[in-house]
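Structure record follows, encoded as structure tokens.
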Ligand SMILES: Cc1ncc(COP(=O)(O)O)c(C=O)c1O
């Protein structure tokens, strides 16, 4: 149900796939085998680690008091107030339970507010029709060409041309889109694989303001990773709306759309509603998660840890003379090794690291629970595997080392 959790994304035949329990930065598979998660930590959801005691206690208290009734829970009001107070430009909030859903809500409100249909994007914003319509081409054979890996079959062809793409950091591309089309909404991540060029985000803001375009920052992944709230707070550029998800509930489902009153009030003129957006576990978990995050400044802890991991990868890569590139926000750091056999090397790394007791690939989302001993043990196990990669780069057949087919690549982004 989630591309990023498919075994083919890691090691098609060796990745354990299912877990029985998880705690801190550790996961146990169905056979009770223990792994330190040096990979995606719940695909970016658990920056406080798995099973955080304070968050779990808040959730259990909610379960005991009642999760769902005919009436609304006050926690959603407290959470709205909290998120709005952290983002002084915002006045109102709406909640959903998945990132794609929250993005669809944001797009509906933004289109309603601007009165225009066309959207400019440069990142990934979920699975819904509005977004996947990007990949509808004039020629059916070319469907999927813009963002390979995101197949749009089943998305109505009539949506073709309603969402247009620009490349991150290419203000000229955005300008051209805005000049040629009646764009009503710009939706983008603040930063993902690259940092914004000097003035880029400011220029996006200026273009949006000048043309009456609603600017939406999708902070589903970047939020709470480098700041207490949206990453945009660090750049001093304010959108009209922002979307949060992933780590907001530290593993419990809760996502949010916040925005300026003038824009958010357009929600009253369109139908947006869902039963389980009103359950109580999500906002209870989020309120406690925010409290714990603030207390321990989790965003700076995970940034520091991720930066150190990136530095150690680079040092190892240099020592072994690997064509390695390290990139990404420090708290979701990744590396690649330049080679036509990269996916095979990536699979080999996962395969050998599993034997050493690590869920590991080429990206690491550290949590506050990863301690120095975990990271040291990870690097002690990784070094001999990268020595194998070095040998393969020098001619040793990697196929002789692989105990199954290579992993698949993910989908492409323009960010
Ligand atoms: C920036 C961004 N937006 C939206 C989503 C979609 O969120 P979800 O998978 O919870 O629907 C993701 C997920 O990876 C994301 O990274």
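Just so you know, all these numbers are worked out from the coordinates, no wet-lab data involved. All figures in this text were calculated on a predicted structure; none of them were measured in a lab. Here Cβ is always computed from backbone atoms with ideal geometry, including for glycine, and neighbour counts include all displayed protein chains.
Remarks
- The distance separating the Cα centre of region 347-415 from that of region 1-30 comes to 15 Å.
- In region 73-219, the C-alpha radius of gyration followed by the widest Cα-Cα span (Dmax) gives 16.0, 51 angstrom.
- Legend: Rg and Dmax of the chain, from Cα coordinates, 21.8, 67 Å.
- Principal-axis tilt of helix 200-211 within the chain, Cα atoms, nearest 10 degrees: 20
- Distance between the pseudo-spin-label points of residue 320 and residue 31 (7 Å out from Cα toward the beta carbon): 2.5 nm.
- Cα-based radius of gyration of region 227-378 once divided by 2.2 N^0.38 Å, which approximates compact folds: 1.33
- Rounded Å value of the spacing that divides the Cα centres of region 261-286 and region 128-170: 28
- Each label was represented as a point 7 Å from its Cα along the Cα-to-Cβ direction; for residue 67 and residue 21 these points are 2.0 nm apart.
- Once the Cα atoms are used to define both axes, helix 298-319 deviates from the longest principal axis of the chain by about 40 degrees.
- Inter-probe distance in nm under a simple model that places probes 7 Å from Cα toward Cβ, at residue 372 and residue 91: 5.0
- Over every Cα atom in region 339-415, the radius of gyration and the widest Cα-Cα span, Dmax, amount to 13.7, 40 Å.
- Reduced Cα scattering model of region 276-358, Debye log10 I(q)/I(0), q = 0.11, 0.12 Å⁻¹: -0.50, -0.57
- Nearest-ten-degree value, helix 372-393 long axis tilted from longest Cα axis of the chain: 70
- Order of 28, 299 under a 10 Å beta carbon neighbour criterion, fewest first: 28, 299
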